[in-house]
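The values are calculated or read from the model by the stated rules, or taken from the named source; none is laboratory data. On a predicted model such as this, the values are computed, not experimentally measured, just so you know. We place every Cβ from the backbone using ideal geometry, glycine too, and count neighbours over all the protein chains shown. To get the accessible areas, we keep the full protein, side chains included, count just its heavy atoms, and leave off ligands, DNA and RNA. Shrake-Rupley method; radii C 1.70, N 1.55, O 1.52, S 1.80 Å.
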Amino acid sequence: MKELSKTVTKTILTGIQPSGVITLGNYIGAIKQMVKMQEEFKSYIFIADMHAITVPQESNLLHENIRSLVALYIACGIDPNKNIIFIQSENEYHANISWLLECNTPFGELSRMTQFKDKSSKNNNFCAGLFTYPILMAADILAYDVDFVPVGIDQKQHVELTRNIAIRFNKKYGETFKIPDAYIAKEGTKIMDLINPIKKMSKSSENPKGVIRLLDNLDDIRKKIMSATTDSDCKIIYDIENKPGISNLINIYASITGQSIKEIENYFANQNYGEFKKQVADVVTREIEGIQKRYYAIINSNEIDNILSENINIVREIAKNKFITMKRKIGLYR
Ligand code: TYM
(Lines give C-alpha, C1' and ligand atoms only; values in the text may rest on other atoms or scores of the structure.)
Protein backbone atom coordinates (compact mmCIF):
# COMPACT_ATOMS: atom_id res chain seq x y z
CA MET A 1 0.00 0.00 0.00
CA LYS A 2 1.07 3.58 -0.63
CA GLU A 3 2.18 5.77 2.27
CA LEU A 4 0.57 8.71 0.58
CA SER A 5 -2.55 9.63 2.46
CA LYS A 6 -1.08 9.55 5.98
CA THR A 7 0.46 12.94 6.56
CA VAL A 8 0.39 14.87 3.33
CA THR A 9 -2.27 17.43 2.57
CA LYS A 10 -1.21 19.11 -0.67
CA THR A 11 -1.09 17.34 -3.99
CA ILE A 12 1.19 17.65 -7.02
CA LEU A 13 0.99 16.14 -10.48
CA THR A 14 3.10 16.16 -13.59
CA GLY A 15 3.54 14.22 -16.81
CA ILE A 16 6.08 13.79 -19.60
CA GLN A 17 5.47 12.66 -23.15
CA PRO A 18 7.13 9.36 -24.13
CA SER A 19 8.06 10.76 -27.51
CA GLY A 20 11.71 9.67 -27.42
CA VAL A 21 14.23 9.26 -24.62
CA ILE A 22 13.76 12.15 -22.23
CA THR A 23 16.28 14.96 -22.07
CA LEU A 24 18.28 16.69 -19.40
CA GLY A 25 15.70 19.49 -19.82
CA ASN A 26 12.82 17.18 -18.84
CA TYR A 27 14.87 15.86 -15.94
CA ILE A 28 15.74 19.29 -14.57
CA GLY A 29 12.45 21.00 -15.47
CA ALA A 30 10.06 18.38 -14.15
CA ILE A 31 11.47 15.19 -12.64
CA LYS A 32 13.95 16.75 -10.26
CA GLN A 33 11.20 18.98 -8.87
CA MET A 34 8.99 15.96 -8.24
CA VAL A 35 11.85 14.14 -6.51
CA LYS A 36 12.37 17.12 -4.22
CA MET A 37 8.69 17.49 -3.47
CA GLN A 38 7.76 13.82 -3.02
CA GLU A 39 8.49 13.83 0.70
CA GLU A 40 6.01 16.58 1.40
CA PHE A 41 3.26 16.13 -1.14
CA LYS A 42 0.86 13.53 -2.35
CA SER A 43 2.27 13.04 -5.82
CA TYR A 44 0.99 11.81 -9.16
CA ILE A 45 3.36 11.38 -12.06
CA PHE A 46 2.28 9.89 -15.34
CA ILE A 47 3.34 9.04 -18.86
CA ALA A 48 1.55 11.47 -21.20
CA ASP A 49 1.25 8.96 -24.04
CA MET A 50 -1.98 10.43 -25.40
CA HIS A 51 -0.24 13.76 -25.73
CA ALA A 52 2.58 12.04 -27.61
CA ILE A 53 0.25 10.97 -30.43
CA THR A 54 -0.64 14.57 -31.27
CA VAL A 55 2.34 14.29 -33.62
CA PRO A 56 3.13 11.16 -35.69
CA GLN A 57 4.73 8.30 -33.71
CA GLU A 58 6.02 4.93 -34.80
CA SER A 59 3.86 2.40 -32.86
CA ASN A 60 6.59 -0.03 -31.76
CA LEU A 61 8.86 2.74 -30.68
CA LEU A 62 6.09 4.52 -28.77
CA HIS A 63 5.28 1.26 -26.99
CA GLU A 64 8.93 0.86 -25.94
CA ASN A 65 9.27 4.49 -24.90
CA ILE A 66 6.29 4.24 -22.57
CA ARG A 67 7.89 1.45 -20.53
CA SER A 68 11.27 3.07 -20.73
CA LEU A 69 9.90 6.30 -19.28
CA VAL A 70 8.39 4.50 -16.30
CA ALA A 71 11.80 2.95 -15.61
CA LEU A 72 13.47 6.33 -16.04
CA TYR A 73 11.12 7.99 -13.56
CA ILE A 74 12.10 5.42 -10.95
CA ALA A 75 15.77 5.55 -11.90
CA CYS A 76 15.71 9.35 -11.51
CA GLY A 77 14.51 9.01 -7.93
CA ILE A 78 10.72 9.05 -8.23
CA ASP A 79 9.90 6.67 -5.40
CA PRO A 80 7.00 4.37 -6.36
CA ASN A 81 6.04 4.16 -2.69
CA LYS A 82 5.62 7.90 -2.43
CA ASN A 83 4.22 8.69 -5.86
CA ILE A 84 1.42 7.29 -7.93
CA ILE A 85 3.04 6.51 -11.28
CA PHE A 86 0.63 5.64 -14.08
CA ILE A 87 0.04 5.64 -17.82
CA GLN A 88 -2.40 8.29 -19.05
CA SER A 89 -4.01 6.17 -21.78
CA GLU A 90 -4.83 3.42 -19.26
CA ASN A 91 -7.17 5.85 -17.53
CA GLU A 92 -9.88 6.54 -20.08
CA TYR A 93 -11.49 9.17 -17.84
CA HIS A 94 -8.83 11.70 -18.84
CA ALA A 95 -10.19 11.73 -22.40
CA ASN A 96 -13.78 11.73 -21.15
CA ILE A 97 -13.15 14.72 -18.90
CA SER A 98 -11.24 16.41 -21.67
CA TRP A 99 -14.29 16.33 -23.96
CA LEU A 100 -16.49 17.97 -21.32
CA LEU A 101 -13.84 20.67 -20.88
CA GLU A 102 -13.44 21.13 -24.65
CA CYS A 103 -17.10 22.01 -24.87
CA ASN A 104 -16.50 24.68 -22.23
CA THR A 105 -13.38 26.29 -23.70
CA PRO A 106 -13.53 29.15 -26.20
CA PHE A 107 -11.80 28.43 -29.50
CA GLY A 108 -10.15 31.86 -29.37
CA GLU A 109 -8.49 31.20 -26.03
CA LEU A 110 -7.06 27.92 -27.30
CA SER A 111 -5.80 29.63 -30.46
CA ARG A 112 -3.50 31.78 -28.35
CA MET A 113 -1.36 28.88 -27.13
CA THR A 114 2.18 29.59 -28.26
CA GLN A 115 3.24 25.94 -28.32
CA PHE A 116 0.43 25.18 -30.78
CA LYS A 117 1.40 28.14 -32.97
CA ASP A 118 4.99 27.00 -32.94
CA LYS A 119 4.36 23.31 -33.65
CA SER A 120 1.65 23.88 -36.25
CA SER A 121 3.83 26.35 -38.14
CA LYS A 122 6.43 23.63 -38.68
CA ASN A 123 4.02 21.24 -40.37
CA ASN A 124 0.66 22.38 -41.73
CA ASN A 125 -0.60 18.79 -41.92
CA PHE A 126 -1.14 18.64 -38.15
CA CYS A 127 -4.02 16.77 -36.51
CA ALA A 128 -6.89 18.33 -34.53
CA GLY A 129 -5.44 16.83 -31.33
CA LEU A 130 -2.44 19.14 -31.54
CA PHE A 131 -4.84 22.04 -31.15
CA THR A 132 -6.93 20.56 -28.31
CA TYR A 133 -3.84 19.14 -26.53
CA PRO A 134 -3.84 21.79 -23.74
CA ILE A 135 -7.39 20.81 -22.79
CA LEU A 136 -6.34 17.19 -22.34
CA MET A 137 -3.58 18.56 -20.13
CA ALA A 138 -6.18 20.52 -18.16
CA ALA A 139 -8.17 17.29 -17.74
CA ASP A 140 -5.04 15.48 -16.46
CA ILE A 141 -4.60 18.14 -13.81
CA LEU A 142 -8.18 18.94 -12.83
CA ALA A 143 -9.23 15.30 -12.45
CA TYR A 144 -7.10 15.04 -9.31
CA ASP A 145 -7.73 18.42 -7.64
CA VAL A 146 -4.02 19.09 -7.41
CA ASP A 147 -2.43 22.09 -5.72
CA PHE A 148 0.77 22.36 -7.77
CA VAL A 149 1.98 21.32 -11.19
CA PRO A 150 5.80 21.16 -11.36
CA VAL A 151 6.75 21.98 -14.96
CA GLY A 152 9.35 23.80 -17.01
CA ILE A 153 8.49 27.33 -18.08
CA ASP A 154 7.41 26.17 -21.57
CA GLN A 155 4.31 24.59 -20.00
CA LYS A 156 3.35 27.60 -17.88
CA GLN A 157 0.85 28.93 -20.41
CA HIS A 158 -0.92 25.55 -20.45
CA VAL A 159 -1.23 25.58 -16.67
CA GLU A 160 -2.61 29.11 -16.86
CA LEU A 161 -5.18 27.94 -19.39
CA THR A 162 -6.04 25.09 -17.01
CA ARG A 163 -6.69 27.62 -14.27
CA ASN A 164 -8.94 29.66 -16.54
CA ILE A 165 -10.87 26.59 -17.60
CA ALA A 166 -11.37 25.55 -13.97
CA ILE A 167 -12.39 29.02 -12.79
CA ARG A 168 -14.89 29.35 -15.65
CA PHE A 169 -16.36 25.88 -15.03
CA ASN A 170 -16.70 26.53 -11.29
CA LYS A 171 -18.48 29.81 -12.00
CA LYS A 172 -20.88 28.29 -14.48
CA TYR A 173 -21.68 24.98 -12.76
CA GLY A 174 -20.70 25.53 -9.12
CA GLU A 175 -17.56 24.52 -7.23
CA THR A 176 -16.09 21.50 -9.08
CA PHE A 177 -12.33 21.91 -9.38
CA LYS A 178 -9.45 23.03 -7.21
CA ILE A 179 -7.49 25.81 -8.94
CA PRO A 180 -3.90 24.60 -9.46
CA ASP A 181 -0.68 26.61 -9.59
CA ALA A 182 2.29 25.95 -11.83
CA TYR A 183 5.39 25.21 -9.77
CA ILE A 184 8.46 26.39 -11.63
CA ALA A 185 11.92 26.00 -10.14
CA LYS A 186 14.10 29.10 -9.88
CA GLU A 187 17.08 27.61 -11.68
CA GLY A 188 16.71 25.40 -14.70
CA THR A 189 13.22 26.50 -15.67
CA LYS A 190 14.31 26.18 -19.27
CA ILE A 191 17.36 24.22 -20.30
CA MET A 192 18.46 25.32 -23.75
CA ASP A 193 19.89 23.44 -26.71
CA LEU A 194 23.68 23.16 -26.38
CA ILE A 195 24.36 24.09 -30.00
CA ASN A 196 21.62 26.66 -30.42
CA PRO A 197 21.15 28.07 -26.90
CA ILE A 198 18.30 30.36 -27.83
CA LYS A 199 16.10 27.31 -28.47
CA LYS A 200 14.92 24.98 -25.69
CA MET A 201 16.51 21.55 -25.40
CA SER A 202 13.86 19.31 -26.88
CA LYS A 203 13.28 15.61 -27.56
CA SER A 204 12.37 16.50 -31.12
CA SER A 205 15.44 18.60 -31.91
CA GLU A 206 17.00 17.91 -35.34
CA ASN A 207 20.59 18.23 -34.15
CA PRO A 208 21.46 15.46 -31.62
CA LYS A 209 24.61 17.34 -30.57
CA GLY A 210 22.52 20.00 -28.87
CA VAL A 211 20.48 17.56 -26.78
CA ILE A 212 21.50 15.41 -23.83
CA ARG A 213 19.28 12.36 -23.45
CA LEU A 214 19.31 10.44 -20.20
CA LEU A 215 20.29 7.19 -21.94
CA ASP A 216 23.09 8.69 -24.07
CA ASN A 217 26.53 7.18 -23.78
CA LEU A 218 28.44 9.06 -21.05
CA ASP A 219 31.40 9.87 -23.32
CA ASP A 220 29.02 11.36 -25.86
CA ILE A 221 27.43 13.48 -23.14
CA ARG A 222 30.86 14.79 -22.17
CA LYS A 223 31.68 15.59 -25.81
CA LYS A 224 28.37 17.41 -26.27
CA ILE A 225 29.06 19.61 -23.26
CA MET A 226 32.66 20.26 -24.26
CA SER A 227 31.50 21.42 -27.71
CA ALA A 228 28.54 23.49 -26.47
CA THR A 229 28.24 26.89 -28.13
CA THR A 230 29.63 29.73 -26.00
CA ASP A 231 30.98 33.19 -26.92
CA SER A 232 34.31 34.95 -27.20
CA ASP A 233 34.22 37.04 -24.08
CA CYS A 234 35.75 34.43 -21.74
CA LYS A 235 33.77 35.47 -18.64
CA ILE A 236 31.68 32.96 -16.72
CA ILE A 237 28.76 35.26 -16.00
CA TYR A 238 25.03 34.65 -16.11
CA ASP A 239 23.59 36.90 -18.83
CA ILE A 240 20.89 35.21 -20.89
CA GLU A 241 20.63 38.04 -23.45
CA ASN A 242 24.29 38.35 -24.33
CA LYS A 243 25.72 35.02 -23.21
CA PRO A 244 23.00 32.40 -23.74
CA GLY A 245 25.41 29.45 -24.06
CA ILE A 246 27.37 30.15 -20.86
CA SER A 247 24.16 31.04 -19.00
CA ASN A 248 22.67 27.71 -20.03
CA LEU A 249 25.69 25.81 -18.72
CA ILE A 250 25.53 27.79 -15.46
CA ASN A 251 21.84 26.88 -15.21
CA ILE A 252 22.58 23.20 -15.74
CA TYR A 253 25.37 23.26 -13.17
CA ALA A 254 23.17 25.13 -10.67
CA SER A 255 20.25 22.75 -11.09
CA ILE A 256 22.35 19.67 -10.55
CA THR A 257 24.58 20.85 -7.72
CA GLY A 258 21.97 22.99 -5.95
CA GLN A 259 24.39 25.95 -5.89
CA SER A 260 23.15 29.45 -6.62
CA ILE A 261 24.13 31.32 -9.76
CA LYS A 262 26.11 33.82 -7.68
CA GLU A 263 28.08 31.04 -6.00
CA ILE A 264 28.90 29.52 -9.36
CA GLU A 265 29.98 32.84 -10.86
CA ASN A 266 32.27 33.45 -7.88
CA TYR A 267 33.72 29.95 -7.93
CA PHE A 268 34.55 30.07 -11.64
CA ALA A 269 35.57 33.75 -11.71
CA ASN A 270 39.18 33.08 -12.71
CA GLN A 271 38.73 29.96 -14.78
CA ASN A 272 38.48 29.55 -18.53
CA TYR A 273 35.61 28.10 -20.56
CA GLY A 274 37.40 24.78 -21.11
CA GLU A 275 37.83 24.18 -17.38
CA PHE A 276 34.25 25.32 -16.66
CA LYS A 277 32.81 23.00 -19.32
CA LYS A 278 34.85 20.11 -17.96
CA GLN A 279 33.35 20.63 -14.52
CA VAL A 280 29.84 20.92 -15.95
CA ALA A 281 30.47 17.66 -17.82
CA ASP A 282 31.71 16.03 -14.59
CA VAL A 283 28.58 16.86 -12.59
CA VAL A 284 26.21 15.97 -15.44
CA THR A 285 27.84 12.63 -16.27
CA ARG A 286 28.07 11.69 -12.60
CA GLU A 287 24.36 12.35 -12.17
CA ILE A 288 23.36 10.51 -15.35
CA GLU A 289 25.65 7.55 -14.65
CA GLY A 290 23.70 6.83 -11.47
CA ILE A 291 20.39 7.15 -13.31
CA GLN A 292 21.52 4.74 -16.05
CA LYS A 293 22.71 2.12 -13.54
CA ARG A 294 19.34 2.11 -11.81
CA TYR A 295 17.53 2.16 -15.15
CA TYR A 296 19.22 -0.96 -16.50
CA ALA A 297 18.60 -2.76 -13.22
CA ILE A 298 14.83 -2.33 -13.44
CA ILE A 299 13.86 -1.98 -17.10
CA ASN A 300 13.23 -5.71 -17.48
CA SER A 301 11.86 -6.38 -14.02
CA ASN A 302 8.26 -7.14 -13.07
CA GLU A 303 8.40 -4.21 -10.68
CA ILE A 304 7.27 -1.85 -13.42
CA ASP A 305 4.13 -3.85 -14.28
CA ASN A 306 3.27 -4.36 -10.63
CA ILE A 307 3.44 -0.64 -9.94
CA LEU A 308 1.36 0.29 -12.98
CA SER A 309 -1.29 -2.36 -12.36
CA GLU A 310 -1.75 -1.32 -8.76
CA ASN A 311 -1.87 2.39 -9.52
CA ILE A 312 -4.25 2.38 -12.43
CA ASN A 313 -7.10 1.27 -10.18
CA ILE A 314 -6.43 4.14 -7.80
CA VAL A 315 -6.37 6.83 -10.47
CA ARG A 316 -9.32 5.46 -12.46
CA GLU A 317 -11.50 5.69 -9.39
CA ILE A 318 -10.53 9.30 -8.69
CA ALA A 319 -10.95 10.46 -12.29
CA LYS A 320 -14.19 8.53 -12.70
CA ASN A 321 -15.70 10.31 -9.69
CA LYS A 322 -14.70 13.67 -11.12
CA PHE A 323 -16.20 12.73 -14.50
CA ILE A 324 -19.50 11.70 -12.92
CA THR A 325 -19.64 14.94 -10.90
CA MET A 326 -19.02 16.97 -14.05
CA LYS A 327 -21.68 15.10 -16.03
CA ARG A 328 -24.29 15.72 -13.36
CA LYS A 329 -23.47 19.41 -13.20
CA ILE A 330 -23.68 19.72 -16.96
CA GLY A 331 -26.97 17.81 -17.08
CA LEU A 332 -25.72 14.63 -18.69
CA TYR A 333 -27.68 12.08 -16.68
CA ARG A 334 -30.97 10.22 -16.83
P1 TYM B 1 7.01 17.50 -22.29
O2 TYM B 1 7.00 16.03 -22.48
O3 TYM B 1 7.27 18.37 -23.47
O4 TYM B 1 8.03 17.91 -21.18
C5 TYM B 1 7.96 17.32 -19.88
C6 TYM B 1 8.38 18.29 -18.81
O7 TYM B 1 9.71 18.72 -19.05
C8 TYM B 1 9.76 20.14 -19.10
N9 TYM B 1 10.76 20.51 -20.09
C10 TYM B 1 11.79 21.31 -19.84
N11 TYM B 1 12.17 21.94 -18.71
C12 TYM B 1 13.29 22.68 -18.78
N13 TYM B 1 14.02 22.81 -19.91
C14 TYM B 1 13.67 22.19 -21.06
N15 TYM B 1 14.42 22.31 -22.14
C16 TYM B 1 12.49 21.39 -21.05
N17 TYM B 1 11.87 20.64 -21.99
C18 TYM B 1 10.81 20.13 -21.38
C19 TYM B 1 8.37 20.58 -19.52
O20 TYM B 1 8.12 21.90 -19.12
C21 TYM B 1 7.53 19.58 -18.80
O22 TYM B 1 7.35 19.96 -17.45
N23 TYM B 1 2.17 18.72 -22.03
C24 TYM B 1 3.30 18.24 -21.27
C25 TYM B 1 3.01 16.90 -20.61
C26 TYM B 1 1.78 16.90 -19.80
C27 TYM B 1 1.64 17.47 -18.51
C28 TYM B 1 0.28 17.21 -18.14
C29 TYM B 1 2.50 18.12 -17.63
C30 TYM B 1 0.59 16.38 -20.17
N31 TYM B 1 -0.31 16.56 -19.19
C32 TYM B 1 -0.24 17.66 -16.92
C33 TYM B 1 1.98 18.54 -16.40
C34 TYM B 1 0.65 18.31 -16.06
C35 TYM B 1 4.49 18.06 -22.20
O36 TYM B 1 4.33 17.91 -23.38
O37 TYM B 1 5.66 17.98 -21.57
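Residue-level check: of (1) open to solvent by 40 Å² or more (accessible area, probe 1.4 Å); (2) under 24 Å from the mean Cα position of the chain (by Cα), Asp231 misses just (2).
Which of the residues that make up segment 298-315 are open to solvent by less than 80 Å² (accessible area, probe 1.4 Å) and either in contact with a strand residue (DSSP E or B) (Cβ under 7 Å, 6 or more places away or on another chain) or of a type outside the set (Ser, Thr, Tyr) (or both)? Answer for segment 298-315, where residues must be open to solvent by less than 80 Å² (accessible area, probe 1.4 Å) and either in contact with a strand residue (DSSP E or B) (Cβ under 7 Å, 6 or more places away or on another chain) or of a type outside the set (Ser, Thr, Tyr) (or both): Ile298, Ile299, Glu303, Ile304, Asp305, Ile307, Leu308, Glu310, Asn311, Ile312, Ile314, Val315. For segment 79-89, the criterion of a residue being modelled with pLDDT of 95 or more, assigned to a helix (DSSP H, G or I) and either open to solvent by 20 Å² or more (accessible area, probe 1.4 Å) or polar (S, T, N, Q) (or both) is satisfied by at least one position. In segment 19-31, is there at least one residue being within 12 Å of the ligand (Cβ to nearest atom), open to solvent by 20 Å² or more (accessible area, probe 1.4 Å), touching a residue at least 40 places away in the same chain (Cβ under 8 Å) and out of contact with any helix residue (DSSP H, G or I) (no Cβ under 8 Å at 6 or more places or on another chain)? Checked segment 19-31: at least one residue is within 12 Å of the ligand (Cβ to nearest atom), open to solvent by 20 Å² or more (accessible area, probe 1.4 Å), touching a residue at least 40 places away in the same chain (Cβ under 8 Å) and out of contact with any helix residue (DSSP H, G or I) (no Cβ under 8 Å at 6 or more places or on another chain). Mind listing whichever residues of segment 90-101 are part of a loop (DSSP other than H, G, I, E, B) and surrounded by fewer than 19 Cβ atoms within 10 Å (Cβ to Cβ)? Across segment 90-101, the qualifying residue is only Glu92.
Selection within segment 39-67: residues that are assigned to a helix (DSSP H, G or I) and away from the ligand (no atom under 12 Å from the Cβ). The member of this set that is most open to solvent (accessible area, probe 1.4 Å) is His63.
Find all pairs meeting these conditions: Cβ atoms under 9 angstrom apart; at least six residues apart or on different chains; first residue within segment 307-325 and among the aromatic types (Phe, Trp, Tyr); second residue part of a helix (DSSP H, G or I). Once the first residue is among the aromatic types (Phe, Trp, Tyr) and sits in segment 307-325, its partners that are part of a helix (DSSP H, G or I) give Phe323/Tyr93; Phe323/Asn96; Phe323/Ile97; Phe323/Leu100. Among the residues of segment 236-257, those that are in a loop (DSSP other than H, G, I, E, B) and not β-branched (Val, Ile, Thr) comprise Tyr238, Asp239, Glu241, Asn242, Lys243. Scanning segment 102-111 for residues that are assigned to a loop (DSSP other than H, G, I, E, B) and either within 12 Å of the ligand (Cβ to nearest atom) or open to solvent by 40 Å² or more (accessible area, probe 1.4 Å) (or both) returns Cys103, Pro106. Counting only helices (runs of 4 or more DSSP H) that sit wholly inside segment 112-203, those with at least 3 residues that are crowded, with 20+ Cβ neighbours inside 10 Å and modelled with pLDDT of 95 or more are 128-142, 156-173. Residues of segment 114-143 being within 10 Å of the ligand (Cβ to nearest atom), of a type outside the set (A, V, I, L, M) and farther than 14 Å from Thr54 by Cα, which ones? Residue satisfying the conditions is Asp140 alone.
Hey, can you tell me all the residues within segment 158-194 that are without any contact (Cβ under 8 Å) to a residue 40 or more places away in the chain and of a type in the set (A, V, I, L, M)? Result: Val159, Ala166, Ile167, Ile179, Ala182, Ile184.
Can Asn248 be described as open to solvent by 70 Å² or more (accessible area, probe 1.4 Å) and over 30 Å from Leu110 (Cβ atoms)? Considered against the rule, which asks whether it is open to solvent by 70 Å² or more (accessible area, probe 1.4 Å) and over 30 Å from Leu110 (Cβ atoms), Asn248 comes out as no.
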